[in-house]
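The values are calculated or read from the model by the stated rules, or taken from the named source; none is laboratory data. All values reported here derive from a predicted model rather than from experimental measurement. Cβ placement follows ideal geometry from the backbone for every residue including glycine, while neighbour counts extend to all protein chains displayed.
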Amino acid sequence: MNGDTTKKSTPYTVPIGPVHPALKEPVMFNFLMEGEVVKSVDFAPGNVHRGIEWMGMRRNPVQIVHLTDRICGICGIVHSLSFARAVEQIAEIEVPPRADYIRTILHELERMQSHLLWAGVAAHELGFDSLLFLTWRVREQSMDLIENLTGNRVNYGIVQIGGVRRDISNDQILLIEQGLAYYRGLLDQMKTVFLDDSTIRMRCRGHGLLSYRDAQLLCAIGPTARASGLAMDVRHDYPYCAYGDLDVQPVLPPQEFGGPQGDVYDRIIVRLLEIAQSIDIIQQCLDSMPAGEVLWEKKLPKLLSILKKAHGEAIGRVEAPRGECMHYVRMDGNDAPATWKVKASTYSNLMSWIPMLKGEQLADVPIIVASIDPCMSCTDRVTIIRNGSADDLTKEDLTQLSREKTRRFSRC
Amino acid sequence: MVRLPMMTELLRQLFKKPATNAFPARYLPPSVTTFLHKVALGEAAINPPMPVPPKFRGKITYDRESCIGCQLCLKVCPAHAIEFLPTTKRVRIYVAQCIFCSQCNDICPKDCLHMTDEFLLATENRFADCQIVE
Ligand code: SF4
Ligand code: SF4
């Protein structure tokens, strides 16, 4: 940065992590840097094992549903739905259609709030904090809706094996309609502030590239894969809940923005368009919502005894806001499942960091790391070890670097 | 051409009321505990929280009289927050451990467990009287 050529020519290592902002789970990064440019990168996940699965294997499925809510603070419905679907397949439980529609509505509301949360975080990583606050204010509407429908802002506790625990009343349908109208009115403005902004375009276009081939080879999923042009979406490929009745197509970056290029900018486009898609899906659900029960078995003791008798194994898959989420469950006639394994969506996207980060500048690392949406985790610091001497690069320093780069761009 | 579409929105924000509800006080008091003490003494006023949503799941209540000691609630509590007291054949709920799922409310055959609107539950002692429902 200071033009010192000797420093630039010696590669050095920048470790980031294991605990660091913009990382959902603690991950250890090792960057081999040449000057400001990332030459190669390696990372080691596996630093946070909370033992939720272990806890689950000592509890019955009705209890586990509430544990799954707590795997992720954002994807509560995703995980509980995925788990419930696995257990429902094993015990051959048929979810009533109305429950399927309610699940779909909540699932999409959750996607909306998750994508808005991500958009805010991305703006923050670019040093655009006013946009962060604006986005998060807009997000409140979806949080309020979820709160109204489930009773809680996070950890909704709405999914039950065989259905949902709360029905949606006519008043609540009105509220949802109002919420959808609110977001419909805002969509164009959101697209303008994110996609028309010169600085955002300069910071994101052509950065963090993940080619179609790499996305395929590294098994990327969700918006990360779709931004690289892979047309895949569990909701479309293996419909679950009410998606079979609805019109859902994988969202790819449209031609008006130059088609899929697989950069950070495309990931913004895909997520913004998916918010619009979610609005549309919820509307479709409201329009064709069937009447009837919302639980397959209302009497919990009876449900428990049926689940206790269940034998077999199954996989529950859903399209989380970050990509496919998978729960594997095996039951062998006991209260608790014999095995329960969770594969969260970020896991599949981690590998795409390697091609994305190669050749980028250190200041671009926060936004590229955040671009696969690995949830904001807590702040820690980065240590640079250069020729044996260590100096600390805190989260503030990194944000500062990112901001300076934005400022440099806005000046020219 | 440099385009900054946020500019108009930012200028508009200058004349808008903040969206955040400043709870419990408009400005962060130097010490929240002292502030709450003052509130208790009537020297300061609390800025009210946002209303809770319908059917909110707050602190649990227990109707000891109608409980039959069937222990079904223990079977579904994911947090193991309910303890059975064999001598009285009644249950005790540890609020500090409860995760407010209301699953026990659903299974109770005598309908003696309910969730209230109360959500300001933090204390320093997890075994304080207000943290144990029996
Ligand atoms: S609300 Fe949930 S966590 Fe709390 S006591 Fe009841 S079952 Fe247990
Ligand atoms: S389920 Fe209800 S009746 Fe049975 S022990 Fe619990 S509180 Fe008492």
Looking at (1) modelled with pLDDT under 90; (2) under 22 Å from B:T20 (Cα atoms); (3) crowded, with 20+ Cβ neighbours inside 10 Å, which one does A:G179 not meet, given that it meets all the others?
(1)
Taking the stated definitions as given, is B:C73 within 14 Å of chain A (Cβ to nearest Cβ) and in contact with a Leu (Cβ under 8 Å, 6 or more places away or on another chain)?
yes
Taking the stretch A:77-101 and keeping only residues that are farther than 24 Å from A:K341 by Cα and in contact with a Lys or Arg (Cβ under 8 Å, 6 or more places away or on another chain), one is left with none
Residue selected from the stretch B:48-65 under the condition surrounded by 11 or more Cβ atoms within 10 Å (Cβ to Cβ) and away from ligand 1 (no atom under 16 Å from the Cβ), by the criterion farthest from the chain's Cα centre (by Cα)
B:P54
Of the residues in the stretch B:90-110, those that are more than 13 Å from chain A (Cβ to nearest Cβ) and more than 13 Å from ligand 1 (Cβ to nearest atom) come to B:R90, B:K110
Within 14 Å of ligand 2 (Cβ to nearest atom), within 16 Å of the chain's Cα centre (by Cα) and free of Cβ contacts under 8 Å to residues at least 60 places away in the same chain, is that true of B:S102?
yes
Candidates A:Q172, A:Q216, filtered to the one that is at negative phi, out of contact with any Asp or Glu (no Cβ under 8 Å at 6 or more places or on another chain) and facing chain B (nearest Cβ under 10 Å)
A:Q172
Residue that is surrounded by the most Cβ atoms within 10 Å (Cβ to Cβ) [pool: residues in the stretch A:133-143 that are within 8 Å of chain B (Cβ to nearest Cβ) and not basic (K, R)]:
A:L134
Selected residue (only one of A:I64, A:I74 is within 24 Å of the chain's Cα centre (by Cα), buried (at least 19 other Cβ atoms within 10 Å of the Cβ) and within 10 Å of chain B (Cβ to nearest Cβ)):
A:I64
Flagged pairs (Cβ under 8 angstrom, 6 or more apart or on separate chains; first in the stretch B:45-74, on the phi > 0 side of the Ramachandran plot; second away from ligand 2 (no atom under 16 Å from the Cβ)) are B:K55/A:G151; B:K55/A:R166
Checking the structure you have, find out if any residue of the stretch B:81-88 is away from every other protein chain (no Cβ under 14 Å), without any contact (Cβ under 8 Å) to a residue 12 or more places away in the chain and within 16 Å of ligand 1 (Cβ to nearest atom).
yes
Kindly list the number of the only condition in (1) within 18 Å of B:C101 (Cβ to Cβ); (2) under 19 Å from the mean Cα position of the chain (by Cα); (3) modelled with pLDDT of 90 or more that fails for A:V154.
(3)
Taking B:Y62 as the residue in question, decide whether it is within 22 Å of A:K299 (Cα to Cα), away from chain A (no Cβ under 14 Å) and within 15 Å of ligand 2 (Cβ to nearest atom).
yes
Could you say whether any residue in the stretch A:118-125 is away from chain B (no Cβ under 11 Å) and within 20 Å of B:F56 (Cα to Cα)?
no
Of the numbered conditions (1) part of a helix (DSSP H, G or I); (2) touching a Cys at 6+ places or on another chain (Cβ under 9 Å), A:L67 satisfies every one except a single condition; which is it?
(2)
I'm trying to understand the selection: among the residues of the stretch A:182-210, which are surrounded by 19 or more Cβ atoms within 10 Å (Cβ to Cβ) and charged (D, E, K, R)?
A:D197, A:R203
